[in-house]
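This report refers to the structure that appears directly beneath it.
The values are calculated or read from the model by the stated rules, or taken from the named source; none is laboratory data. No experiment lies behind these values; they were computed from the predicted model shown. Note that each Cβ is placed from the backbone with ideal geometry, even for glycine, and that neighbours are counted across all protein chains shown. Only protein heavy atoms, including side chains, enter the accessible area calculation; ligands, DNA and RNA are left aside. Shrake-Rupley method; radii C 1.70, N 1.55, O 1.52, S 1.80 Å.
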Amino acid sequence: WQPLGMTSTRMDDPLEVIPNRVRGYQLINGQVKNSEFIDVSSRFAGGGTRSTVPDMLKFARGIMEGKLLSPATMNQMTTSMSTRAGRLTNYGMGWEVNPYNGRYMLVHSGGQQETRTLLYILPARKMALAVGVNFEGSNPGVYLDRLFQVLTGAPLALNVYSPDKVK
């Protein structure tokens with residue numbers, strides 16, 4: 001994290017006072033309630049960190065500028081895997097690699113008690129969008145979709161339907 005200037009990202013420690021840490025919430029029977037406390041400090045590769053939206057954007061910049069991985073490794077991580085039958089999964093090694101409305105995007109999401117996060121990277125535009133929400137069960141994608149539309153004047157995805165996935 002240090003080489004990217006991600007000064008607000010850290011491994012979680014449930015006993016440490018982390019400046020500006022927010023509380024998580026959930027909806028129970030139509031009422032907003034506190035999230036259940038879960039110690040995530042042992043989940044090193046699957047959510048054992050605490051970060052901020054600005055640091056998520058620094059991470060995205062590092063990805064786009066090639067500061068973290070070799071081109072060969074980045075290619076592996078961002079190329080859709082396929083099933084034995086040859087169908088694309090739209091998932092690389094660690095990233096969703098989805099075509100949204102003709103735009104190639106890298107997507108990574110996270111979620112657990114207290115939080116939901118979402119990061120979109122649009123390499124061709126040299127653009128990244130990130131959101132962190134402290135409300136369980138929320139859909140952070142609606143915020144990023146709207147933010148993309150505000151910034152570019154175009155919708156990120158069109159809600160169209162075709163029974164043929166390729167079309």
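Descriptive notes on the structure:
- Failed item, numbered, when residue 55 is tested on (1) modelled with pLDDT of 90 or more; (2) assigned to a loop (DSSP other than H, G, I, E, B); (3) surrounded by 12 or more Cβ atoms within 10 Å (Cβ to Cβ): (2)
- Matching residues, region 14-26, being open to solvent by 60 Å² or more (accessible area, probe 1.4 Å) and within 22 Å of the chain's Cα centre (by Cα): 20, 21, 22, 23, 25
- Members of region 18-44 found to be closer than 15 Å to residue 116 by Cα and basic (Lys, Arg), listed by number: 21, 23
- Screening the candidates 67, 33 for the property of being loosely packed, with under 15 Cβ neighbours inside 10 Å, in a loop (DSSP other than H, G, I, E, B) and charged (D, E, K, R) yields one hit, 67.
- Matching entry among 97, 107, 150, 133 (being of a type in the set (A, V, I, L, M, F, W, C) and open to solvent by 70 Å² or more (accessible area, probe 1.4 Å)): 150
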